[in-house]
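The values are calculated or read from the model by the stated rules, or taken from the named source; none is laboratory data. Remember, predicted model here, so these are calculated numbers, not experimental data. Ideal geometry is used to build each Cβ from the backbone, glycine not excepted, and the neighbour counts take in all protein chains shown.
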């Protein structure tokens, strides 16, 4: 998890390899047409995603390189799963600041305060958490069970990891084989808990009353 505690130039490939294992797909980099206008972090991200054969849509939608379009001065590269929120970056910058806005006419772009290189690491962690191959969700977990879930994890510090909660607050935590996100729960004094683990066998360590479990989809 060290690659998430202090995000650096190699954090993205290190996280992908730790979470998904060695690259599994054929290398199919961004097209020549697109690559000439992509910021370096984004071009590298497309290339890495191809190496792991990761889908463009799991929870939210990543826009393929050839489909990037300007929207009021920003190239939109990530879209919330119900198209409520858009994320984009301004052209002509090597590592541009990421902006977001609601997908409604007249809504302004607002800076997230994060450069694209760091935000792309955040995206992959959120996708692993929100659409896990092996994971679970509780909408109202009691504090005692929350402490059991987060045992062995470390809180990821900084405003980047607070983004999912907005004003409500959010904790994102990482362990060697575990990702956890905590948001305010549906009942007073509880937490909404998103859990992702690297392998199916690891879920046996988290025997709780979940509202959703990845085995439900099998």
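Before moving on, here are some points about what is shown:
- A single entry from 99, 59 fulfils the requirement of being touching a strand residue (DSSP E or B) at 6+ places or on another chain (Cβ under 6 Å) and within 17 Å of residue 163 (Cβ to Cβ): 99.
- So residue 207, is it modelled with pLDDT under 90 and more than 17 Å from the chain's Cα centre (by Cα): yes
- Filter result for residue 49 (touching a helix residue (DSSP H, G or I) at 6+ places or on another chain (Cβ under 9 Å), under 15 Å from residue 121 (Cβ atoms), modelled with pLDDT under 85 and not assigned by TED's automatic domain parsing to the domain that holds residue 160): yes
- Counted residues, the stretch 145-159 - those being in a helix (DSSP H, G or I) and surrounded by fewer than 18 Cβ atoms within 10 Å (Cβ to Cβ): 4
- Number of residues in the stretch 64-89 that are surrounded by 15 or more Cβ atoms within 10 Å (Cβ to Cβ) and at pLDDT 90 or above: the value is 13.
Listed here are the residues, each with its yes/no results for (1) under 19 Å from residue 154 (Cβ atoms); (2) modelled with pLDDT of 90 or more; (3) in a loop (DSSP other than H, G, I, E, B).
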site: 4; (1), (2), (3): yes, yes, no
site: 7; (1), (2), (3): yes, yes, yes
site: 13; (1), (2), (3): no, yes, no
site: 22; (1), (2), (3): no, no, yes
site: 26; (1), (2), (3): no, no, yes
site: 29; (1), (2), (3): no, no, yes
site: 34; (1), (2), (3): no, no, no
site: 38; (1), (2), (3): no, no, yes
site: 41; (1), (2), (3): no, yes, no
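- Flag for residue 193 being buried (at least 17 other Cβ atoms within 10 Å of the Cβ), touching a helix residue (DSSP H, G or I) at 6+ places or on another chain (Cβ under 7 Å) and not in a helix (DSSP H, G or I): yes
- Among the residues making up the stretch 65-98, those that are free of Cβ contacts under 8 Å to residues at least 12 places away in the same chain, part of a loop (DSSP other than H, G, I, E, B) and over 14 Å from residue 116 (Cβ atoms) are 69, 82.
- Of all the criteria given as (1) touching a residue at least 40 places away in the same chain (Cβ under 8 Å); (2) more than 29 Å from residue 77 (Cα to Cα); (3) out of contact with any helix residue (DSSP H, G or I) (no Cβ under 8 Å at 6 or more places or on another chain); (4) exposed (fewer than 13 other Cβ atoms within 10 Å of the Cβ), the one not satisfied by residue 142 is (4).
- Counting the residues of the stretch 162-190 that are at pLDDT below 90 and either crowded, with 18+ Cβ neighbours inside 10 Å or touching a strand residue (DSSP E or B) at 6+ places or on another chain (Cβ under 9 Å) (or both) gives 7.
To keep it simple, each residue is scored yes or no on (1) closer than 15 Å to residue 182 by Cα; (2) at pLDDT 95 or above.
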site	(1), (2)
91	no, no
98	no, yes
106	no, no
112	no, no
115	no, yes
124	no, no
132	no, no
137	yes, yes
160	yes, no
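- Verdict on residue 105 being without any contact (Cβ under 8 Å) to a residue 40 or more places away in the chain and over 19 Å from the mean Cα position of the chain (by Cα): yes
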